[in-house]
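Engineer: Quick one: structure below, then a few questions.
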Amino acid sequence: MRIDRFLSNLPRFNRQQVRLLLVERRVRIDGQAVNDPHAQVREFSRVEVDDEVLQAGRPARYFMLHKPPGCVSATRDAQHRTVLDLLGEPDKEDLHIAGRLDFNTTGLLVITNDGAWSRRLTQPQTKLPKVYYVETEQLITAEYAVTFARGLYFAFEDLTTQPAELTLLGPRSARLSIVEGRYHQVKRMFGHFDNKVLRLHRERMGPLLLDASLAPGQYRALSPEEIALI
Ligand code: URA
């Protein structure tokens, strides 16, 4: 939101006062004095007028975790270990998961407290590919790729899945790229052919690749460059 709008939304300043505050350079965003009414205030920006803090700003945090099998993609669970239990970070109640994985699915899991950023990563509209390595019980035939590219009807949601790309790697293994994350989507796509998924591993979400140096259960903070890619 623009700083002039942010300030005039507060009951204490009218538009004329906001103009003056900016001209007199009494407004700071993240420690920088601003006089441009178009300067942007974000969810995590610190906003001060003179020495009074109007929005404290919390540091945005972004992590990638190599999810191991046998843990729940939830912030809390009465029975099982959750992915947040694997993070040695403070204020974990602030964090959420950008694109959950099933209990036994492994691979790239992104955890953040920045809602706008995680929506860009996961929303089907942004069409960022989520890439999975899949192993199945039965043979994967050439027909699968054609069907997945066309889209599959999911009766429960009453929708047709967006075109997905399947690359065969072996008789029972493949790489699948999808742009949405419907409930159990990959398993349901293979389920259309009565083919059970035995192993599922997420390798990539858009430009974010699972770091090969992370063993299952390990995590690291995303770099500023990785954050800026989304
Ligand atoms: N699709 C699934 O079926 N399971 C996952 O964990 C992720 C995608």
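The values are calculated or read from the model by the stated rules, or taken from the named source; none is laboratory data. Only a predicted model underlies this, so the values are computations on that prediction, with no experimental measurement involved. Every residue, glycine among them, receives a Cβ derived from its backbone with ideal geometry; neighbour counts consider all protein chains shown. The protein model used for the area step is the full one, side chains on, heavy atoms only, and it has no ligands, DNA or RNA in it. Shrake-Rupley method; radii C 1.70, N 1.55, O 1.52, S 1.80 Å.
Engineer: Provide the FRET efficiency to the nearest 0.05 for the Ala74-Thr141 pair, computing r from the beta carbons and using R0 = 45 Å.
Structural biologist: E between Ala74 and Thr141, to the nearest 0.05, is 0.80.
Engineer: Same structure again: Normalised by the number of residues in the chain, what is the relative contact order in percent for Cα pairs under 8 Å and 6+ residues apart?
Structural biologist: Relative CO of the chain lands at 19 percent.
Engineer: Work out, in µm²/s and without decimals, the Stokes-Einstein translational diffusion coefficient of the stretch 129-205 at 25 °C, 0.890 mPa s, Rh from Kirkwood over C-alpha pairs.
Structural biologist: After rounding, the answer is 200 µm²/s.
Engineer: Using the Kirkwood formula on the Cα atoms of the chain, what hydrodynamic radius do you get, in angstrom to one decimal?
Structural biologist: Working: mean 1/r = 0.0493 Å⁻¹.
Kirkwood radius, the chain: 20.3 Å.
Engineer: If you take the square roots of the eigenvalues of the alpha-carbon gyration tensor of the stretch 1-62 and sort them as a ≥ b ≥ c, do you get rounded (a/c under 1.5), prolate (a/b over b/c) or oblate? Mind showing how you got there, number by number?
Structural biologist: Working: a/c = 1.81, a/b = 1.67, b/c = 1.09.
Prolate.
Engineer: Here is a follow-up. Kindly write out, for the stretch 55-65 in residue order, the coupling ³J(HN,Hα) from the Karplus curve 6.51 cos²θ - 1.76 cosθ + 1.60 (θ = phi - 60°), rounded to whole Hz, with x marking Gly and Pro.
Structural biologist: 9, 5, x, 10, x, 6, 10, 9, 9, 10, 10
Engineer: Right, another one. Give me the percent of the accessible area of the chain that comes from carbon and sulfur atoms, probe 1.4 Å, all protein chains in place. Present the calculation step by step, with values, prior to reporting the outcome.
Structural biologist: Working: 6420 of 12620 Å².
Reported share for carbon and sulfur atoms: 51 percent.
Engineer: Step through the table entries Lys92/Lys196; Lys67/Lys127; Lys92/Lys127, compare each Cα-Cα distance with 27 Å, and write down the pairs that go over it.
Structural biologist: Violating the 27 Å Cα-Cα cut-off are Lys92/Lys196; Lys92/Lys127.
Engineer: With a sphere of radius 15 Å drawn around the Cβ of Asn104, what net charge do the other residues whose Cβ falls strictly inside it have (Lys, Arg +1; Asp, Glu -1)?
Structural biologist: In short, +3.
Engineer: Let me ask you something else. Say each of Thr126 and Asp102 gets a label point 7 Å from the Cα, pointing the same way as Cα to Cβ; how far apart are those two points in nm?
Structural biologist: 2.5 nm
Engineer: Mean separation of Cα pairs under 8 Å and 6+ residues apart, divided by the residue count of the stretch 129-205: what relative contact order is that in percent?
Structural biologist: 48 percent
Engineer: Specify which residue in the list Pro59, Gly217, Gln138 is farthest towards the positive end of the charge dipole of the chain, using unit charges on the beta carbon of Lys, Arg (+1) and Asp, Glu (-1), about the Cα centre.
Structural biologist: Gln138
Engineer: For the residue pair Gln218 and Asn9, what label-to-label distance in nm results when each label sits 7 Å from Cα along the Cα-to-beta-carbon direction?
Structural biologist: 4.2 nm
Engineer: Accessible area per residue, 1.4 Å probe, Å², for the stretch 95-211: what's the number?
Structural biologist: Result: 49 Å² per residue.
Engineer: Roughly how many whole Å is it from the C-alpha centroid of the stretch 128-150 to that of the stretch 169-215?
Structural biologist: Using only Cα atoms to place each centre, the spacing works out to 8 Å.
Engineer: Continuing with this model, one more query. Mind checking which of Thr112, Leu200, Gln162 is farthest towards the positive end of the chain's charge dipole, using Cβ charges of +1 (Lys, Arg) and -1 (Asp, Glu) about the Cα centre?
Structural biologist: It is Gln162.
Engineer: What does the helix-only formula give at 222 nm for the chain: each DSSP H stretch with n ≥ 4 adding -39500 (n - 2.57), the total divided by the residues, and the result rounded to the nearest 500 deg cm²/dmol? Before the final figure, lay out each step's value.
Structural biologist: Values: 6 runs with 44 residues, N = 230.
Rounded to the nearest 500, the figure is -5000 deg cm²/dmol.
Engineer: A further question on this structure: So if I place +1 on the C-beta of Lys and Arg and -1 on the C-beta of Asp and Glu, and nothing else carries charge, what would the dipole magnitude of the stretch 3-55 be about its Cα centre? I want it in debye, nearest 20.
Structural biologist: It comes to approximately 200 debye.
Engineer: With a 1.4 Å probe and all protein chains kept in place, how much accessible area does Asp36 have, in Å² rounded to the nearest 10?
Structural biologist: Number for this one is 70 Å².
Engineer: May I pose another question? If I stretch the segment between Glu203 and Val53 completely, what's the gain in nm (0.36 nm per residue apart, minus their alpha carbon distance), one decimal?
Structural biologist: 49.8 nm
Engineer: Using a Förster distance of 35 Å, how high is the FRET efficiency between Lys196 and Ala149, based on the Cβ-Cβ distance and rounded to 0.05?
Structural biologist: In this case the efficiency is close to 0.95.
Engineer: Moving on to the next point. Taking a ≥ b ≥ c as the square roots of the Cα gyration tensor eigenvalues, with a/c under 1.5 meaning rounded and otherwise prolate when a/b beats b/c, else oblate, which class fits the stretch 80-150?
Structural biologist: On the way: a/c = 4.38, a/b = 1.68, b/c = 2.62.
Taking the square roots of the gyration eigenvalues as a ≥ b ≥ c, the stretch 80-150 is oblate.
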